[in-house]
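Reviewing the structure listed below.
The values are calculated or read from the model by the stated rules, or taken from the named source; none is laboratory data. The structure displayed is predicted, hence computed values, not measured ones. Please note: Cβ atoms are built from the backbone with ideal geometry, for glycine as well, and neighbour counts cover all protein chains shown.
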Amino acid sequence: MPIVNRVAAMHEEITAWRRDLHAHPELGFDVHRTAGIVVDKLKAFGCDDIVSGVGKTGVVGVIKGRKTASGKVVGLRADMDALPIQEMTGVPYASETPGKMHACGHDGHTAMLLGAAKYLCETRNFDGTVVVVFQPNEEGLTGSLAMLEDGLIERFGIQQVYGMHTSPTHELGKFALCAGPMLAACDKFTILITGKGSHAGRPHEGVDPVVVAAQTIMALQTIASRNVNPLDAVVVSTCIVRAGEAFNIIPQGTTLIGTVRTLSEKVRAQTHVRMREIAEGTASLFGGNAKVIIEGDVPVTVNDAEKTKFAQAVAGEIAGAGNVVEMRPIMGAEDFSHMLKKRPGAFIMLGNGIGPGLHNPGYNFNDAAIPLGVSYWVRLAETAMPA
Ligand SMILES: [Zn+2]
Ligand SMILES: [Zn+2]
């Protein structure tokens, strides 16, 4: 049984929703139009309960099965926000808002979960409750936490939770996931280096914070090569370097900003310790000083082993078992990780066909993937809670 028949019949309708969302991208928590459309549609489908304003602009829909005797509650989550990118796809339904676009496929995620909600409201062929979760601000990596802090899990009694993301590195017709750590923890770091400004022709009278910064950037790379076990993953990327105003002045200070990605809390903590030691030690070696600030709280996305097997089986039923790829973890991050810390579940990648990458101005969600994604959602609910 590949695509669910009723879902195949809804392909055109869901595509139209997706393209409308694509033309009207919204950022962060400011997803009022999108959330409004979600609420209107869930109402029209006959959802048993609809709550908006969960985590600022998040929307939750409750769909009860034909029976609820099992007491089971399954959460299915999509994200709604776009990115501050100028679209370059050239499609007729391209973004109507300059500087904003759906370059991460969240338009597709929202449309597919709406499609699943419509089907589940029509058929109710399960014993339990489905909670559809539409999250704001995934890109800012705080939307999931905002919904959880508003009591998402407890208010709706969610016992297991699933997420899905489009993947332009997997062929259309494939699903991909793995048990255990699948996406990285993400931290932002800022290193403030203070030296002593001086005349560029008289460097001996100052402490050059640019030289300290250069040494620090290089030394940070030894965390991966010399400190962390080579079989464990860690990325330290210095992405912003700020210093100086003139060619003939050694500045007073420099600022380094970047990100740390890890696949375990142990390596994450170890990396933070080494970053402080390296930055402070390097600065003091040259007579300056450094302050390290580490921000952000996006944990590792960890798929539950048993729920991963279950998700693999459901995806295999839709796409054929040979089309469910056991993927290696990737160092991108996803704030769905917070939901997986609260309840067991699994995050899955939906093959979108090989093409421009996520966050690229040429990326566009592939509507041909809609029947696969929607079928996965509905069969996941029906199989987890058989009527
Ligand atoms: Zn993204
Ligand atoms: Zn995304």
Name the pairs: first residue in the range 96-107 and within 12 Å of Pro84 (Cβ to Cβ), second residue assigned to a loop (DSSP other than H, G, I, E, B) and of a type in the set (Gly, Ala, Ser), Cβ to Cβ under 6 Å, at least 6 apart or on different chains?
-> Met101/Ser95
Residue, surrounded by the most Cβ atoms within 10 Å (Cβ to Cβ), within the range 216-245, restricted to residues that are of a type outside the set (Lys, Arg), more than 18 Å from Val260 (Cα to Cα) and in contact (Cβ under 8 Å) with a residue 12 or more places away in the chain = Ala243
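So which residues in the range 40-50 are surrounded by fewer than 17 Cβ atoms within 10 Å (Cβ to Cβ) and in contact with a strand residue (DSSP E or B) (Cβ under 8 Å, 6 or more places away or on another chain)?
Of everything in the range 40-50, those that are surrounded by fewer than 17 Cβ atoms within 10 Å (Cβ to Cβ) and in contact with a strand residue (DSSP E or B) (Cβ under 8 Å, 6 or more places away or on another chain) turn out to be Lys43, Asp48, Asp49.
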Go over the candidates Asp40, Asp127 one by one and state the one that is in contact (Cβ under 8 Å) with a residue 40 or more places away in the chain and either away from ligand 1 (no atom under 16 Å from the Cβ) or within 17 Å of the chain's Cα centre (by Cα) (or both).
-> Asp127
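For residues in the range 102-124 being of a type in the set (D, E, K, R) and more than 16 Å from ligand 1 (Cβ to nearest atom), which is nearest to Gly157 (Cα to Cα)? Spell out how you get there, then give the answer.
To start, the set of residues in the range 102-124 that are of a type in the set (D, E, K, R) comprises 107, 118, 122, 124.
Add one more test, that the residue is more than 16 Å from ligand 1 (Cβ to nearest atom), and what stays is 118, 122, 124.
Values: Lys118: 21, Glu122: 22, Arg124: 19 Å.
The extreme case among them is Arg124.
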If you scan the range 127-137, which residues turn out to be within 12 Å of ligand 2 (Cβ to nearest atom) and surrounded by fewer than 21 Cβ atoms within 10 Å (Cβ to Cβ)?
-> none
In this structure, does Ile354 turn out to be within 27 Å of Met88 (Cα to Cα), of a type in the set (Val, Ile, Thr) and away from ligand 2 (no atom under 16 Å from the Cβ)?
-> yes
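Conditions (1) modelled with pLDDT of 95 or more; (2) in contact with a Ser or Thr (Cβ under 6 Å, 6 or more places away or on another chain); (3) assigned to a loop (DSSP other than H, G, I, E, B); (4) among the basic types (Lys, Arg), marked per residue:
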position: Thr216; (1), (2), (3), (4): yes, yes, no, no
position: Asp232; (1), (2), (3), (4): yes, no, yes, no
position: Thr238; (1), (2), (3), (4): yes, no, no, no
position: Arg242; (1), (2), (3), (4): yes, yes, no, yes
position: Thr259; (1), (2), (3), (4): yes, yes, no, no
position: Arg268; (1), (2), (3), (4): yes, yes, no, yes
position: Met275; (1), (2), (3), (4): yes, no, no, no
position: Gly287; (1), (2), (3), (4): yes, no, yes, no
position: Asp297; (1), (2), (3), (4): no, no, no, no
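Conditions tested, residue by residue: (1) within 13 Å of ligand 1 (Cβ to nearest atom); (2) polar (S, T, N, Q).
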position: Val131; (1), (2): no, no
position: Phe134; (1), (2): no, no
position: Leu141; (1), (2): yes, no
position: Ala146; (1), (2): no, no
position: Glu149; (1), (2): no, no
position: Leu152; (1), (2): no, no
position: Gln160; (1), (2): no, yes
position: Pro168; (1), (2): yes, no
Condition met for Leu120 (in contact with a strand residue (DSSP E or B) (Cβ under 7 Å, 6 or more places away or on another chain) and part of a helix (DSSP H, G or I)) | yes
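Of the residues Glu122, Glu138, only one is within 16 Å of Lys43 (Cα to Cα) and acidic (Asp, Glu); which? Walk me through how you get there before you give the answer.
Working: Glu138 fails: within 16 Å of Lys43 (Cα to Cα).
Step by step, each of Glu122, Glu138 is checked, and only Glu122 is within 16 Å of Lys43 (Cα to Cα) and acidic (Asp, Glu).
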Single residue of the range 160-199 satisfying the filter (β-branched (Val, Ile, Thr) and away from ligand 2 (no atom under 16 Å from the Cβ)) that is nearest to Thr110 (Cα to Cα) | Val161
Answer residue from the range 1-23, given it is modelled with pLDDT under 95 and assigned to a loop (DSSP other than H, G, I, E, B) and is surrounded by the fewest Cβ atoms within 10 Å (Cβ to Cβ) among those = Met1
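Can you spot a residue in the range 190-198 that is among the β-branched types (Val, Ile, Thr) and under 30 Å from Pro329 (Cβ atoms)?
Taking the range 190-198 first, the residues among the β-branched types (Val, Ile, Thr) are 190-191, 193-194.
Filter again for under 30 Å from Pro329 (Cβ atoms), leaving 190-191.
There is at least one residue in the range 190-198 that is among the β-branched types (Val, Ile, Thr) and under 30 Å from Pro329 (Cβ atoms).
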Looking at (1) away from ligand 2 (no atom under 16 Å from the Cβ); (2) surrounded by fewer than 18 Cβ atoms within 10 Å (Cβ to Cβ), which is the one condition that is false for Gly140?
-> (1)
Look through Ile37, Ile63 and report the one residue that is at pLDDT 95 or above and in contact with a Leu (Cβ under 6 Å, 6 or more places away or on another chain).
-> Ile63
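Do we find that Val132 is in a strand (DSSP E or B) and out of contact with any His (no Cβ under 6 Å at 6 or more places or on another chain) in this structure?
Values: in a strand (DSSP E or B): yes; out of contact with any His (no Cβ under 6 Å at 6 or more places or on another chain): yes.
So Val132 passes the test.
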Pairs where the first residue, in the range 292-315, is under 18 Å from Asp335 (Cα atoms) and the second is among the basic types (Lys, Arg), C-beta under 7 Å, 6+ apart | Glu295/Lys188; Gly296/Lys188; Pro299/Lys341
